[in-house]
Amino acid sequence: GDLIGNPVFDRSRKYNFLVAGDFDLDLDGVAEDRGGEQVAHLISGAGGNVVKKLDTQTDFVVLGIAPPLSGEQAKLDNPVDQERASRRQIARKAFDDMVQEAKAMSIPMLSGNQLMRFLGIVGPTHK
């Protein structure tokens, strides 16, 4: 007959999640969910709200794999490769800046695996 309460969890509240990075959902070492679209869909399906910008209304940040930096420097003679490398550096800097800002704002960060456990989704096991 005891009433159990949690000062953090409120069943009637819709929590805000920022999803960042790429996700390896089947744990095979390859990120198949680039940009976290599938993770965002899972959050929405579970009743969460996915936001695009980190602010004081963000409750959780779900972090995937950071965007890779540019590969071999020898291939950067080609303008197309230079442009790709530049976009990768910009994406990585934005990811790293967002992580630092979330830390400074004391916003809890979850890995993709932690989120899956919280949602009750049991992933594949390593062999």
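The values are calculated or read from the model by the stated rules, or taken from the named source; none is laboratory data. A quick note: this is a predicted structure, and the numbers were derived from the prediction, not measured. Don't worry about glycine lacking a Cβ; one is built from the backbone with ideal geometry, like all the others, and counts go over all protein chains shown. Heavy atoms of the whole protein, side chains included, go into the accessibility calculation; ligands, DNA and RNA do not. Shrake-Rupley method; radii C 1.70, N 1.55, O 1.52, S 1.80 Å.
Using 0.36 nm per residue, how much length does the chain from Asn49 to Arg13 gain when fully extended, once their Cα-Cα distance is taken away? Walk me through the intermediate numbers first.
Values: separation 36, 0.36 × 36 = 12.96 nm, distance 1.01 nm.
My answer for the length gained is 12.0 nm.
For Ile121 and Val30, what does the FRET efficiency come to when R0 = 30 Å and r is the distance between their Cβ atoms, rounded to the nearest 0.05? Walk me through the numbers before you get to the answer.
Numbers: r = 19 Å, r/R0 = 0.63.
It comes out at approximately 0.95.
Which value, in Å² rounded to 10, gives the accessible area of Leu119 with a 1.4 Å probe and all protein chains present?
60 Å²
In terms of solvent-accessible area of protein heavy atoms at a 1.4 angstrom probe, what is the ranking of Phe60, Phe118, highest value first?
Heavy-atom accessible area, descending, gives Phe118, Phe60.
With a 1.4 Å probe and all protein chains kept in place, how much accessible area does Ile65 have, in Å² rounded to the nearest 10?
90 Å²
Using a 1.4 Å probe, how large is the accessible area of Ser86, given in Å² and rounded to the nearest 10?
Rounded to the nearest 10, that gives 50 Å².
Say R0 is 35 Å: what FRET efficiency, to the nearest 0.05, do His41 and Lys93 get from their beta-carbon distance?
Once the sixth-power term is evaluated, E becomes 0.85.
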